[in-house]
Every structure is written in structure tokens, then in C-alpha cells.
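Have a look at the structure below before the remarks.
The values are calculated or read from the model by the stated rules, or taken from the named source; none is laboratory data. Here the structure is a predicted model, which means the values were calculated and not measured. No Cβ is skipped: glycine too gets one built from the backbone with ideal geometry, and neighbour counts run over all protein chains shown.
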Amino acid sequence: MNRRDFIQKAAMAGPAMGIVPTLYSGEERVADKVRLGFIGVGLRGRSHLEQALFRQDVEVNAICDIDPAAINASLDKIKKAGRKAPAVYGKGDEDFLNLVKRDDLDGILIATPWQWHVPMTLAAMRAGKYAAVEVSATVTLQESWDLVDTFEKTGSHCMILENVCYRRDVMAILRMVREGMFGEMTYAHCGYQHDLRAIKLNNGKSDGGVGVEFGEKGYSEAKWRTQHSVDRNGDIYPTHGLGPVAHWLDINRGNAFSYLTSTSTKSRGLHKYIVDHGSKDHPNAKVNFKLGDIVTTVIQCHNGENIVLIHDTNSPRPYSLAFRAQGTNGIWMNDGDSIYIEGVSPKEHTAEPDKAYLQKYDHPLWKKQAKEAESAGHGGIDYFVLRGFIESIKRKTAPPIDVYDAATWSAISPLSEQSIAKGSAPIEIPDFTRGKWKTNKRIFGRNDEY
Ligand SMILES: NC(=O)c1ccc[n+]([C@@H]2O[C@H](COP(=O)([O-])OP(=O)(O)OC[C@H]3O[C@@H](n4cnc5c(N)ncnc54)[C@H](O)[C@@H]3O)[C@@H](O)[C@H]2O)c1
């Protein structure tokens, strides 16, 4: 049975067969349908759209994008899924303001260039809608405060769509951390180590997109993302690594980030790529990229743990988010898929494969939903992150990853820029919860619900 058949059959069978218990369990009466609008239906937005169209509990009532090709590709997907045509907003940069006003939307999903995230999220929240925003949520510190202030004023929720939080291994480690397998946590290592040179310089040609263009001549993220590598030196994409680690360490829920220092290498990778794949005379060979090839940030946490966070997107290297979880009893090391737990692992000072542990501590959310998730993108994590948003709307409750997480994790970017600009000086990390981290309870990964 494919994924769509499964959902359709499950929906038709209803709770009597016990196939869709998550919709009906819990004390609160939950809504059956969630009505979504999409702002930004580029590569990422369309991938969320596809996920949404798989679900019988979602209606897509409106889409917005300034690029007619993105709108047409989305309309095509919606039609092929046999759904009714949504309202379309494509009349310029501010047409999203008209979308958010609609009264047939419960939630709005935003997958636009970073500088648009906060204006769009605030508009959605002010219009009384649930907002889901892609990563990173904010670019500046003020934007992080704007998210929090607007939530506190309007009561409208905002979820950051940090899909890596739902990785199966990362959630098994979360369970191990919470069950005390690592002892007391002391340290975590993470990062975004992804060779983006071809993406940052993608000209969108049919030769696979290998090019040396960005800005107006660029394709997809090369249109806007690359400019951040020209203008900024810091960890400009921190949340794929930090999100999971923040959950391991209960950040904003019993623990907090205190301060950070960041250090960057010289900038070489993008320039070299342009010379190697274009020529030394190409106009982009004259561009001065501010972003160091590797940026290393060390975060001190209130409860005494340290986090090392790496941003590494301009070098030839294999993909890795570089996770490590270290406690007083042992360590998980994602690179090498290995683990060592003192007194449990068979040989002293020697790691063993992590596979059996990841299976044994498989998170209940995954255990229950694995079939559904399997056919979704990014190894199932995109299924879960969208589902988290939808289930919180149905229950009219806070999303599993909330506005304080969005503000706090994303703020690491401007703070790391400040640190580097001041010669790796320590920079205090604001407490976006205004002290509530001391009493806040866990939301993410509590059970098998969402
Ligand atoms: N979580 C993940 O795994 C993941 C993966 C890829 C991208 N992303 C994030 O998703 C977001 C989008 O990335 P992408 O790869 O889809 O980029 P993209 O360039 O392919 O898509 C962005 C879309 O936004 C549209 N847009 C720009 N300004 C607009 C405006 N004012 N109004 C309406 N639409 C507007 C563009 O026309 C484009 O179609 C980024 O924040 C990125 O970091 C996350």
C-alpha cells in the first residue's frame, strides 16, 4: 500500500478500526481538518506542499509566490493530487499581506528567503493564524525579539520547521539522554557541514546546474542565499545542528544558553570554485566573500554544558551534521555511527556500533508513525515536522518547537557575527523567555503524539 492509499484507507476506516488514534486520543476535542496557506513555493515550499497534499486532514486554500513558475509548478501538483485549485497571490513582494487576511486559513507555512521570514511570520501571527517558518527563522536579534513580542501580544503560535529535530537517530539519542544512559550531560557537538558551493553558485542550467552565478543570474537559493556569504561572517545557518542539541540539553526548559564565542577561518572556497569552474576573469571572481570557510562557535550553557557548533558550507567534504552527545557515562558519535557507554560497552576505551542502541531506544513517535514517515522526504523528518504543526493546530495548543526556540536558536547567527567582528569576544545570549526557562516544561518528544 503506498502512503496515500494508506492515509485514505485509514481516514475512511476511522477510529473504530483504531487506525488513526492520534487524531482522537488526548482529552481535547481536535479539529478534523486543517486549512493551510503557503507563502513561498520554491523548492522547499513545494516539498512541504507535496507532504500536505498527501494528507487527507489538510486543505490547501491559498498559495503565494512572486515567481510565476513556482506558482504554476504548485498548481500542477495540486491538480494532480485531485484537490481544488487554491487562491493565488503573486502580485509583488507584499501580496502575502492579502493572503494572511483570508478567513479560510488556520495555519500559514512560510518557505521564503531568510530576510522575508519575519515580516511574513509577524503578518500571519497578527492575523490570528498559526505560523510555521523555515530555518533559520530570523536574521537579526531584533527579529528574534519581534517574534517573541508578537506571540506574547497576540497569542498566535509560531513553529520553526526544524526538521532535523525529528531525525530517527537524533530522537533515539534524545530518549537515551532523558533516560540517563549518558549520565549527566556535559557536552554536545553539532553543525552544518554541507558542501553548498554548487547550490550557492547554481545557474540553473540543464547541465546539472553547475555554474558560477548568483543573484539575478542564480537559480533557487543562489538567487538570495549566496549574498549572505558576501555580507556576513558568522554561523549563518545554525539550527539544523542546534535544534536537536537544544532538546537534548533542555534549552528554554530548565536550561539556557548563556554566552558564546565564534571564530572563523579565512574565506577561500567560493572564490576558488568560481575560478576553477568559471575563470579568474569571471566578474564573480572579484567578489569578496566575507563568510569564512569554517566558522566554529562555542556555546556555554547555564547548567554547565558546552556546545561546539560548526558552520562549514564552502569546502569539498562529505555531508555531516557532526552530532556528538557526551555525558558522564559515555558518548554517541554520529560520524562513525558509534557509541561508548561505560560499564555497558564490551571493551574499555573502545567504541561499538550504535545501531543496536538506536533500535532499542527508538523514540515512540517514530515507532508509531514509521510507516507513514518512510515515504516522505529527508528520511521521514519532513513528514514529522509538518505533522507537528498540523497536530498543534488541531489541538489549539503550542507547537512542539515553539516561538522561543525559533528566536533563541536563530539568534546564534547575529551573535556569532558580533563575536567574530570583535576578535572572538564572548557575547551574552539574550534570554528570550524572560526567565521562564526556569519553570517551562518540555514540549518536544514527550510522547508518541506529535
Ligand atoms: N529545513 C530544510 O531542510 C530546508 C531545506 C531547504 C531550504 N530550507 C529553507 O527554506 C526556505 C526557502 O528555501 P528554498 O530552497 O525553497 O529557496 P527557493 O529560492 O527555491 O524558494 C524561495 C521562494 O520564495 C519566493 N519568494 C521570494 N520573495 C517572496 C515574496 N516577497 N513573496 C512571496 N514569495 C517570495 C521565491 O520566488 C521562491 O519561489 C529558506 O529559508 C531555506 O533556508 C530548509
>> Quick check on segment 317-366: of everything there that is within 24 Å of the chain's Cα centre (by Cα) and basic (Lys, Arg), which residue is surrounded by the fewest Cβ atoms within 10 Å (Cβ to Cβ)?
In response: ARG317
> Among CYS165, CYS190, which is within 19 Å of ARG44 (Cβ to Cβ), touching a residue at least 24 places away in the same chain (Cβ under 8 Å) and not aromatic (Phe, Trp, Tyr)?
Replying inline: CYS165
> Given the conditions (1) away from the ligand (no atom under 16 Å from the Cβ); (2) on the phi < 0 side of the Ramachandran plot; (3) not aromatic (Phe, Trp, Tyr), and given that LEU147 satisfies all but one, which numbered condition is not satisfied?
Replying inline: (1)
>> On the basis of being within 19 Å of ARG387 (Cα to Cα), buried (at least 18 other Cβ atoms within 10 Å of the Cβ) and acidic (Asp, Glu), does ASP65 make the cut?
In response: no
> If ARG126 satisfies every condition in (1) among the basic types (Lys, Arg); (2) surrounded by fewer than 21 Cβ atoms within 10 Å (Cβ to Cβ); (3) touching a strand residue (DSSP E or B) at 6+ places or on another chain (Cβ under 9 Å) but one, which is the exception?
Replying inline: (3)
> Out of all the residues in segment 80-96, which are more than 8 Å from the ligand (Cβ to nearest atom) and among the charged types (D, E, K, R)?
Replying inline: LYS80, ARG83, LYS84, LYS91
> How many residues are surrounded by fewer than 17 Cβ atoms within 10 Å (Cβ to Cβ), of a type in the set (Val, Ile, Thr) and in contact (Cβ under 8 Å) with a residue 40 or more places away in the chain when one looks only at segment 256-279?
Replying inline: 1
> For segment 177-196, how many residues are assigned to a helix (DSSP H, G or I) and out of contact with any Lys or Arg (no Cβ under 9 Å at 6 or more places or on another chain)?
Replying inline: 1
> What number of residues within segment 221-235 are out of contact with any helix residue (DSSP H, G or I) (no Cβ under 6 Å at 6 or more places or on another chain), within 8 Å of the ligand (Cβ to nearest atom) and of a type in the set (Asp, Glu)?
Replying inline: 0
> Out of all the residues in segment 368-394, which are buried (at least 18 other Cβ atoms within 10 Å of the Cβ) and over 14 Å from the mean Cα position of the chain (by Cα)?
Replying inline: GLN369, GLU372, ALA373, ALA376, ILE390, GLU391, SER392, ILE393, LYS394
> Which residues, counting only those in segment 280-290, are among the polar types (S, T, N, Q) and surrounded by 11 or more Cβ atoms within 10 Å (Cβ to Cβ)?
Replying inline: ASN284
> If you take the residues in segment 125-144 that are touching a residue at least 40 places away in the same chain (Cβ under 8 Å) and among the small types (Gly, Ala, Ser), which one is farthest from the ligand (Cβ to nearest atom)?
Replying inline: SER144
> What residue, among those in segment 97-112 that are in a loop (DSSP other than H, G, I, E, B) and in contact with a helix residue (DSSP H, G or I) (Cβ under 7 Å, 6 or more places away or on another chain), is farthest from the ligand (Cβ to nearest atom)?
Replying inline: ASP106
> Hey, among ALA325, ALA370, which residue is part of a strand (DSSP E or B) and among the small types (Gly, Ala, Ser)?
Replying inline: ALA325
>> If ILE294 satisfies all but one of (1) touching a residue at least 40 places away in the same chain (Cβ under 8 Å); (2) under 18 Å from GLU417 (Cβ atoms); (3) within 22 Å of the chain's Cα centre (by Cα), what's the number of the condition it fails?
In response: (1)
> Mind checking which residues of segment 159-172 are away from the ligand (no atom under 14 Å from the Cβ) and either at pLDDT below 95 or crowded, with 24+ Cβ neighbours inside 10 Å (or both)?
Replying inline: MET171
>> For segment 173-204, give me the residue count where each residue is among the aliphatic types (A, V, I, L, M) and more than 16 Å from the ligand (Cβ to nearest atom).
In response: 7
